[in-house]
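Here you go, one structure.
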Amino acid sequence: MAGRIARELDHGNTSKSASVLLVTIWELGEAAGPLLIAPLSEMYGRYPVINAANALFVAATVLGAVSDSTALFISARALTGLAVASNVLNPAIVGDIFPPEQRGKAISLIMVAPLLGGAVGPAIAGAVAQTLGWRYIVWASAVLAGACEILFLFCFRETYKVPILRRRAAKLRKETGNMSLKTPFDVDEKGSNKLWGAVTRPAVVLLGSGVLAAISLCGSVVYTYFYIMSVTLPDILEEIYGLSPAQSGTSFMSFSKCPGFTQYSQLTL
């Protein structure tokens, strides 16, 4: 389906690399986004960061739905990958809410969503794209993401202890007039230094741990082969075996255990 989208957007003049980028550019944004989303959530809290990222995700998805060129659609997908705050902050929010001995069940429930989405999404998307067109898939993703963001705005509450305690300290200073009341997290360090330290922390941890580096290398190899399959299998099934987009979409149900099938990124396969 990515090849058909690229040909439609560029009026039949496109290359295989463009259709590959339509699928794989998501991971570039998803890899870069946590380097900023996670540090910002530690400085300003989960609530403002996750809502800002969700709003960017919705806007980028709408941009993808109205794209009239492959370059614009690729840029929109990179932004959606960059704005996926849930992949970064969900485990952190679970850690904020639950004690260590109770986090297992919550993490398991969180992991069910991408597994089910990866199994059911391509099958549904293939059928819809075959009958209504791929833009309906992207618009449906934008509507769903927008509805979820509305729920986040009104139902989600801050979970990170640092901004919660700082708000309480500010309220006490206002009520008592005692300006010396501070939280243990208030230190004389500039925000830019905190942000830079948080952004560079993953690199410091990665370079300082051989085991973590080996696991990261293994994961990168697995994702490489996974995306090779993702961009080549639809063409093989449709062109050689004569399957329809709906039928080829069901073949990706076997890949549901791979976390790469998240959000609407693979719905356009």
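Just tell me, in residue order, which DSSP H segments of the chain are both 27 angstrom or longer along the helix axis (alpha-carbon based) and at least 0.0 in mean Kyte-Doolittle hydropathy. Could the numbers behind the result be given before it?
Values: long enough: 46-65 (28 Å, 1.14); 103-131 (42 Å, 1.15); 134-155 (32 Å, 1.56); 210-235 (39 Å, 1.32).
Within the chain the helices that satisfy the rule are 46-65, 103-131, 134-155, 210-235.
Next question, about the same structure. With charges only on Cβ, +1 for K and R and -1 for D and E, what is the dipole size of the range 2-255 about its Cα centre, in debye, rounded to 20?
Numbers: 20 positive and 17 negative charges, 216 e Å.
With Lys and Arg at +1 and Asp and Glu at -1, about 1040 debye.
Given R₀ = 22 Å, what would the calculated FRET efficiency be for Tyr44 paired with Phe154, taking r from the Cβ atoms and rounding to 0.05? The partial results should precede the final answer.
Working: r = 19 Å, r/R0 = 0.88.
Efficiency, rounded to the nearest 0.05: 0.70.
With a Förster radius of 30 Å, plug the Cβ-Cβ distance of Thr131 and Ile110 into 1/(1 + (r/R0)^6) and report the FRET value to the nearest 0.05.
Working: r = 32 Å, r/R0 = 1.08.
That pair, Thr131 with Ile110, gives E of 0.40.
Another one. Please compute the contact order of the chain in relative form: average sequence separation of alpha-carbon pairs under 8 Å and at least six residues apart, divided by the residue count, as a percent. Could you put the intermediate results ahead of the total?
On the way: 320 pairs, mean separation 81.5, N = 269.
Normalised by residue count, the contact order of the chain is 30 percent.
Can you check what the net charge comes to around Leu22, using other residues whose Cβ is under 15 Å from the Cβ of Leu22 (Lys, Arg +1; Asp, Glu -1)?
Values: positive: Arg4, Arg7, Lys16, Arg77, Arg135; negative: Glu8, Asp10, Glu27, Glu30, Asp68, Asp235.
Every neighbour counted, the sum reads -1.
Here's something else I'd like to know. Using only C-alpha positions, report the orientation-averaged shadow area of the convex hull of the range 2-255, nm², one decimal. Provide the component values of the computation, followed by the final result.
Details: hull surface 68.2 nm².
That works out to 17.0 nm².
So, counting K/R as plus one and D/E as minus one, what does the shell of residues with Cβ under 11 Å around Arg166 add up to?
Numbers: positive: Lys161, Arg167, Arg168, Lys171, Arg173, Lys182; negative: Glu158, Asp186.
After counting each charged neighbour, the total is +4.
Bear in mind that the values in this text are calculations on the coordinates, not laboratory data. This is a predicted model, so every value here is computed, not measured. Cβ atoms come from the backbone with ideal geometry, glycine included; neighbour counts cover every protein chain shown.
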